[in-house]
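Enquirer: Take this structure, written in structure tokens, and hold onto it; I'll ask about it next.
Nothing in this text is a laboratory measurement; each read-out follows from the coordinates by a stated rule. Since we're looking at a predicted model, the values are computed, not measured. Using ideal geometry, Cβ is built from the backbone for each residue, glycine included, and neighbour counts are taken over all protein chains shown.
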Amino acid sequence: MGTIAENIKMIEDEKAEACRRVGRDPSEVLLCAVTKTHPAEMINEAIEAGVTDIGENKVQEILDKYDHVNKVRWHMIGHLQTNKVKYIIDKVCMIHSVDSLHLAKEIDRRAEQHGITMDILIEVNTAQDEHKFGVAPEDTEALIKQILEECPSVRIRGLMTIAPYREDPEDVRPYFRRTKQLYDELAEKIDSPHLDFKYLSMGMSNDRVIAEEEGSTIVRVGSAIFGARDYSKH
Ligand SMILES: *Cc1c(COP(=O)(O)O)cnc(C)c1O
């Protein structure tokens, strides 16, 4: 591992290469630095090195760090309990992990109270039985249509997926490819002022290059920037 700045440069260089291989413009892919378990000082170091977007998977961590981190866009990327939406509604720019109408309705209600429209992504469980959160691919269209009908203060910006961990990231390529296909289909098929697909959030430290080759527009990268996480402190 290098310094945080060196790691970010390596990630950006590898992204540029991956994009070049498949004829994409590297500026289409946003690096969302995943800062869970890491202190505000390390996050500020990443921001100094050029990071504009950070991702957290726990509401409490956003609240603990929010006032100590320099100006940056915050993304909620982890499973979100309905009763915690109110704490982050005015702090995050996007919620990546919406997988039920129930959650979307609470986000909608809180967004309306704040007079904002919240950008959300639908989390798709592309690998079906591998992890528990996310909507099944075949149920995604129906969920989006329900949200569009019932949640005027949210705007659906795309899809998010978490691939199962594989030693060889090449093995998750089919999941990313399928998610990109679904993304394109839905973008083509559904027409609504509250749906504006721009983000396909897929790829983490281990599999980001494969995701970039397969059309990701947001990679969520933690350990490749900040090193291994020490959960014993939490
Ligand atoms: C922790 C986390 C990441 C980043 O994982 P790394 O393997 O450390 O890059 C990405 N997405 C989600 C939803 C996470 O919880």
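Enquirer: On the Cα set of segment 43-201, report Rg and Dmax in Å, please.
Expert: Considering segment 43-201 through its Cα atoms, Rg and Dmax are 15.8, 46 Å.
Enquirer: Over the alpha-carbon set of segment 95-139, divide Rg by the Kirkwood Rh and report the Rg/Rh ratio to two decimals.
Expert: Ratio of gyration radius to Kirkwood radius for segment 95-139: 1.07.
Enquirer: Using 10 Å bins from zero, what percent of all Cα-Cα pairs in segment 1-118 falls into each bin?
Expert: P(r) for segment 1-118, in whole percents per bin: 13, 38, 30, 17, 2.
Enquirer: Let me ask another. Any idea how far the Cα center of segment 27-96 sits from the one of segment 176-233, in Å?
Expert: Here the two parts' Cα centres lie 16 Å apart.
Enquirer: So which trypsin sites (Lys or Arg not before Pro) in segment 12-120 are both in a DSSP loop and have at most 13 other Cβ atoms within 10 Å of their Cβ?
Expert: Passing sites in segment 12-120 are K71, K91.
Enquirer: Sum up the lysine pairs in segment 110-234 that clear both bars: alpha-carbon distance under 17 Å and a spacing of 8 or more or different chains.
Expert: 4
Enquirer: Only bridges with both residues in segment 1-129 count here: give the DSSP antiparallel percent, nearest 5.
Expert: Percentage antiparallel, nearest 5: 0.
Enquirer: Given C-alpha coordinates of segment 10-68, what is the ratio Rg to Rh with the Kirkwood estimate of Rh?
Expert: Here the Rg-to-Rh quotient is 1.08.
Enquirer: Continuing with this model, one more query. What relative contact order, as a whole-number percentage, does the chain give when Cα pairs under 8 Å and 6 or more residues apart are counted?
Expert: 21
Enquirer: Now for a separate question. In the chain, if the dipole is taken from +1 on Lys/Arg beta carbons and -1 on Asp/Glu beta carbons about the Cα centre, which of G50, S192, Q60 is farthest to the positive end?
Expert: Looking along the dipole axis, the top candidate is Q60.
Enquirer: For E149 and L63 in the same chain, what is the full-extension length gain: residue separation times 0.36 nm, less their Cα-Cα distance, in nm?
Expert: Using 0.36 nm per residue and subtracting the Cα-Cα distance, I get 27.8 nm.
Enquirer: Using the Cα atoms of segment 68-156 to build a convex hull, what is its mean projected area in square nanometres?
Expert: 6.2
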